[in-house]
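Please read the structure below before turning to the comments.
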Amino acid sequence: MRPPASDVSAGQLGRYAGILAAWRDRFLLRPIARSSFLRNVTITATGSITGQLIQVAASPILTRLYTPAEFGVLSMYMSVCSILVAIATLRYDQAIPLPQDEGDAADVLALALAAVLLVALMGWAGAEFFGPRLVAMTSQPTLVHYLWLVPLTVAGGGSYVALTLWAIRKQAYRRLAITKITRSTGQSLTQVALGLLHAGPLGLIIGFAVGQLGGNGSITLEALRTDAQALRRISLRGMLRAARRHLKFPLYSCPSALLVAVPMQIPPLLIALYYGVHEAGLFNLASSVLRQPATLCAEAVGQVFFGKAAATLRDQPSQLPRLFFTTAGVLFAVGLIPTLALILLAVPLVRFVFGSSWVAAGAYVQLMALVLLAGVTVSTVSPIISVTQKQDWQLAVDIIRTVLVLAVFYVAHVVHARPLTAVAAYTGVLLVTYGLFFIVFSLAALAGARQARPQGTGGGTASGVE
């Protein structure tokens, strides 16, 4: 007797499910289990995705608790702090994964944290001196009441950068993933709670500071527990020796980091100055929507890529270009579809998710969507410059981008261009310079393989990387 149609359908569904499970095991789970690179990416990506999802979930609440103008004040504060955090370690953090000896690496960590303290103190002095001038330029007298938080925020963010690189060296990716969740949770809960209390811009700023401070304690305690022997070897002489050995980082990477941070962080300040804090708040929301996926890749995949690239240069330098181009190609393919979706659907999505007060931000998202694709592809593989120590190569492009970005907004102001026109020109500058960066990074990967090859696979660490 012929079985009922429902039984046949159930059997077919069962077979299809079995086929899909087999394909999942063969092409997804088994490769991840066998590859330490993929496994570490999965761990860090899980933490980053969870942290980003927490912030994404909080965003529709925050946009209904705070006005665009209040977000504009936050964007100005974040601009100042983010620029300082970018150079807080003097980029010595990038040298932490490189030494073979654990004691030498601990000296570099201590050196990076000492630099953070110095920059935080400079941030406090700068807030005292330049704060009133910034307030006068932006016509925001309330901003002066928030500048005392700048050194605290910079100290928290800079310390986390250094401790993160120590965790990467120790391959403590699980601990790192947990800190990403705690940072996002602390920031979002604080901002929502203070928003309910009608704290205004101060609520957003305090929440941001809490997020920057989060995660430092757990990484520090883990390091003291598992790496006490190496940390006890820290000495002033060792720190000075590390400072000389890795002098390229403050000489080249630090100015480069500043030149990276300025064109990415200065636009909210310039928009607030030229067009008002309301427009700066709309731009800040659009930038956040696009920045979160790029930050996710840069932190999750980029950090693992850094560790993998450093190990590859030490052990198999000829494979460095392959690792670089494969990683960049996969990132471009993954980012293409979300980018196209944002170009087509940004305005209705912004209205639905963030509320009618923020509809104008959708136009900014559409304009800058391609920057998301370029940022995901190029920024994530940028650690190749630190691994190959070709920081001077990147410096020229950083200077070009910074000059062009500042010029774009200045010219737009002089000719009385609309905010959308200024942001469109800004987007064009970023796309052109991302292309130049990718060329420089590609040449660095190829040069790293060529320089390390004569040393063989076993002895290339000291001279090839450091």
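Worth a mention:
- Among the residues listed as Tyr434, Tyr364, the single one being at pLDDT 90 or above, of a type in the set (Phe, Trp, Tyr) and surrounded by fewer than 22 Cβ atoms within 10 Å (Cβ to Cβ): Tyr434
- Here Ala412 does not fit the description of being in a loop (DSSP other than H, G, I, E, B) and either touching a residue at least 60 places away in the same chain (Cβ under 8 Å) or surrounded by 14 or more Cβ atoms within 10 Å (Cβ to Cβ) (or both).
- The set of residues in the range 221-257 that are crowded, with 16+ Cβ neighbours inside 10 Å, more than 14 Å from Ala115 (Cβ to Cβ) and polar (S, T, N, Q) contains only Ser256.
- Residue list for the range 320-352, filter: touching a residue at least 40 places away in the same chain (Cβ under 8 Å), more than 21 Å from the chain's Cα centre (by Cα) and surrounded by fewer than 22 Cβ atoms within 10 Å (Cβ to Cβ): Pro321
- Residue list for the range 80-101, filter: part of a helix (DSSP H, G or I), at pLDDT below 90 and more than 14 Å from Ile168 (Cβ to Cβ): Val80
- Qualifying residue in the range 291-298 (condition: touching a Leu at 6+ places or on another chain (Cβ under 7 Å) and polar (S, T, N, Q)): no
- The set of residues from the range 415-428 being touching a residue at least 60 places away in the same chain (Cβ under 8 Å) and of a type in the set (Val, Ile, Thr) comprises Val423, Thr427.
- Residue check, Ser357 over 19 Å from Tyr426 (Cα atoms) and in a helix (DSSP H, G or I): yes
The values are calculated or read from the model by the stated rules, or taken from the named source; none is laboratory data. Remember, predicted model here, so these are calculated numbers, not experimental data. When we count neighbours, we look across all protein chains shown, and the Cβ atoms used for this are built from the backbone with ideal geometry, even at glycine.
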